[in-house]
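Remarks on the structure that follows.
Read-outs throughout are calculated quantities, based only on the coordinates presented, and are distinct from any laboratory measurement. All values reported here derive from a predicted model rather than from experimental measurement. Here the Cβ is made from the backbone with ideal geometry for all residues, glycine too, and neighbour counts use every protein chain on show.
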Amino acid sequence: MALIEVKHLKKYFNTAGGILHAVDDVTLNIEKSTTLGIVGESGCGKSTLGRTIIRLLEPTSGEVCFKGENITSLSNKEFKHLRVGMQMIFQDPYASLDPRMSVSQLIAEPIQTYKLTSSKQELEKRVSDLMDTVGLAARLKNSYPHELDGGRRQRIGIARALSLNPDFIVCDEPVSALDVSIQAQVLNLLQDLQKERNLTYMFITHDMSVVKHISDEICVMYLGQVVEKCQAKELFKRPLHPYSKALLSAIPIPNIHVKQHKIEMKGELTSPIDPKPCCRFAPRCPYAKDQCFASEPQLTDCGNHHYVLCHRVNEI
Amino acid sequence: MKNKLQQNISNKKLVEIKNLIVHYETDDGVVEAVNNVSFDIEKGEVLGLVGETGAGKTTIALSIMNLLPKPPAHVISGEIYLEGQDLMKKSKKELQKIRGKKISMVFQDPMTALNPVQTVGAQIAEVIQLHNSSMAPSEIKEHAVKMLETVGIPGTRYNDYPHQFSGGMKQRVVIAIALACEPELIIADEPTTALDVTIQAQVLELMKQLQKKFGTAMLLITHDFGVVADICNKCAVIYAGEIVEKGRVEHIFDHPMHPYTIGLFDSLPTMDKDVERLKPIKGAVADPTQLPPYCSFYDRCDYCTEECKRQNPALKEVEPGHFVKCIHEVRGKGDEDHGAD
């Protein structure tokens, strides 16, 4: 049984212009101790998906099962004991920490909220263990976030997520705000923690090289839908959806001898508000034919657990 | 006589920056943002300036435009020549003639670079009018429409406001403004960082085409080696306000020699190879208020020795056109065996 099972999850927002389909009928599983990467461009619904899965947002419809239990039907009170197992690391280490709390207070806060310990000594011990785990020097425990650089702040965010010993962590662009040399440190830390603690990650990012590095499986999202889902290696070897192909070809590669053949996509993202019942990528797709504008494609298995949402996947 | 000499020297050199030192005075002390930076840009050349947050890239760009906020910024020393003329000695009025006409700038965030209450057409027309006071209004508009079309936006959108455009389109408008007076140099400060990859690819392609078409020289500030590989001929790597390595892109990408450059390449997750574990650079960026008198990369360097603590090394030419600021002759791994160990 997969640790996380998401079935036909939808999250719509009512806006002045109509109903915004942020997440539209997403079905996926995440096996224990693996990493599922979610990639896509801004506005494709990847963060909303992450937040809806851990019920920071209430889904419009659909199911999310955590360890086999459907968490969408639970009351807030019933859900509370499961919430401990599902945590989140946020993108912006500048905005996600209370500037008036010291490092040790920030890390202690979740433990106190869930009353996981009553003794002060044990709390202190747990905080210093956590700081050690994420590589924060003990001397920083009375520092405030503004005194620390981005990499250290993100380590606090990671320590907070770990403080409740979760099974599942949604990492929402955890390294996007960091410089490359620091980004590598944090990615290594996340991988080490996963091995040590058997963690399961959902890793949301727009950076294809990062997602390739860290993921076991990858979902490519476009306008609220998963358009391609497969093993990480498979996606980079054999991308099948026209959007994935274009996305991969657009990444600037730091090598002057690789001549990239860029697939130019027409235009930009279309609106996720009240989308027409057709392939959402069709207006930008170089392979689009009449049928793509006429009906919605279904996610089809192209073998080897490689799922693609495209009418013409077998022809192109 | 001296003037003539200078003109001769800078025949090919469009911009020359010599020994630039810029400090910021803050409550926490003096931030040594740019420390003795020298480089030049030839006509039609694209130079990539690469470095991490706080390395001093934007400060250098603003120094060239003479747009530094003073205070807190102080130019301690340095000369900046544009076609042989020292920009530091120009009056405000003279500088206004140069900005937008000879040098123009593309900023990182197209959302904030445009005026929200003016149509995009008017914003392009403004720069044309400022530098061509004799032009008739109809001519100015015609030219502005042509610029819109050059960057791939239909001229019919002349009267639209910035909020009616997406991020990528706004950046195209900013580029149109920058190119409107056919400047000699464009300074592009992280022009694609705020954009999605597919849009970034479109904008980079556009910049490449226009750079070729107009023969404009460009100073491209970025933190992304991928962007440099795509568009630049030359590259300078900057750390803690100093250029640690510069040369043609072949030098930097094929055999980087400064430990910092090598470390940056190693810490990138690559698309073409599978690596189990990344090799980050240890520690954090040097504190610019407390730079050591010796090599500022010392604490993070894998190759440092006692000798490194004795001096702050100078940029040394290790092969024609390839400069490295390190006393050790570190041989970076070429592309062939990149990431092999």
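Odds and ends about this structure:
- Here the protein assembly as shown is assigned +1 on the Cβ of each Lys and Arg and -1 on the Cβ of each Asp and Glu. Its dipole about the Cα centre then comes out at about 920 debye.
- Multiplying the residue separation of A:Gln298 and A:Lys80 by 0.36 nm and subtracting their alpha-carbon distance yields 74.9 nm.
- 3J(HN,Hα) along the stretch A:51-58: 5, 6, 5, 8, 6, 6, 10, 7 Hz, from the Karplus curve 6.51 cos²θ - 1.76 cosθ + 1.60 with θ = phi - 60°, whole Hz, x for Gly and Pro.
- Each helix, a run of at least 4 DSSP H residues, gives -39500 (n - 2.57); summed and divided by the residues of chain B, these come to -9000 deg cm²/dmol at 222 nm.
- Residues with amide H under 5 Å from that of A:Thr200, placed H, sequence gap 5 or more: A:Ser33, A:Phe168, A:Ile169
- Here chain A is treated with +1 on each Lys and Arg Cβ and -1 on each Asp and Glu Cβ, and its dipole about the Cα centre works out to around 200 debye.
- Distance between the stretch A:82-158 and the stretch A:224-247 - C-alpha centres, whole angstrom: 36 Å
- Two-site label geometry, B:Ser166 and B:Thr26: point separation in nm, points 7 Å out along Cα→Cβ: 3.6 nm
- Local electrostatic count at B:Ala55 - Lys and Arg +1, Asp and Glu -1, tallied over other residues with Cβ under 11 Å: -2
- Rg/Rh, computed from the Cα trace of the stretch B:2-232 with Rh as the Kirkwood radius, has the value 0.97.
- Average beta-carbon neighbours from other chains, 10 Å sphere, peptide A:220-233: 0
- The stretch A:101-231, relative contact order [Cα under 8 Å, separation at least 6], %: 21 percent
- Per-residue ³J(HN,Hα) for the stretch B:287-300, Karplus 6.51 cos²θ - 1.76 cosθ + 1.60, θ = phi - 60°, Hz, x for Gly and Pro: 6, x, 8, 9, 6, x, x, 9, 3, 6, 8, 3, 5, 9
- Peptide B:277-283 is shielded by partner chain Cβ atoms: per residue, an average of 6 of them sit within 10 Å of its Cβ.
- The protein assembly as shown has equivalent-ellipsoid semi-axes of 43, 33, 23 Å, by the square roots of 5 times the alpha carbon gyration tensor eigenvalues, sorted largest first.
- Springs between Cα atoms under 10 Å define the GNM used for chain B, and in it the highest mean-square fluctuation of B:Asp109, B:Asp27, B:Asp189 occurs at B:Asp27.
- Residues with amide H under 5 Å from that of B:Leu14, placed H, sequence gap 5 or more: B:Ile41, B:Glu42, B:Lys43
- Per-residue HN-Hα couplings for the stretch A:8-24 [Karplus 6.51, -1.76, 1.60; θ = phi - 60°; Hz; x = Gly/Pro]: 6, 6, 10, 9, 10, 10, 7, 10, 4, x, x, 8, 8, 8, 6, 10, 10
- Comparing A:Lys276, A:Lys120, A:Lys141 in a Gaussian network model of chain A, where Cα atoms under 10 Å apart are tied by springs, the biggest mean-square fluctuation is seen for A:Lys120.
- Positive-end residue of B:His74, A:Val170, B:Ile238, charge dipole of the protein assembly as shown with Cβ unit charges: B:His74
- For B:Lys316, the residues whose amide H sits under 5 Å from its own are B:Val324, B:Lys325, B:Cys326, ignoring neighbours fewer than 5 places away on the same chain, with H placed 1.01 Å from N.
- For A:Ser181, the shell of other residues with beta-carbons less than 13 Å away shows a net charge of -3, using +1 for Lys and Arg and -1 for Asp and Glu.
- The residues neighbouring A:Arg155, those whose beta-carbon lies less than 12 Å from its own, together hold a net charge of +1 under the Lys/Arg +1, Asp/Glu -1 convention.
- Approximate shape of the stretch B:194-341 as ellipsoid semi-axes (Cα gyration tensor, √5λ), whole Å, largest first: 28, 19, 16
- Helix-derived mean residue ellipticity, 222 nm - over chain A, DSSP H n ≥ 4, -39500 (n - 2.57), to 500: -9000 deg cm²/dmol
- Centre-to-centre separation between the Cα atoms of the stretch A:293-312 and those of the stretch A:1-61: 19 Å.
- Chain A: most fluctuating residue of A:Glu69, A:Glu78, A:Glu217 per GNM, C-alpha cutoff 10 Å: A:Glu78
- Taken residue by residue and averaged, Cβ atoms of other chains lying within 10 Å of the Cβ of B:197-208 number 5.
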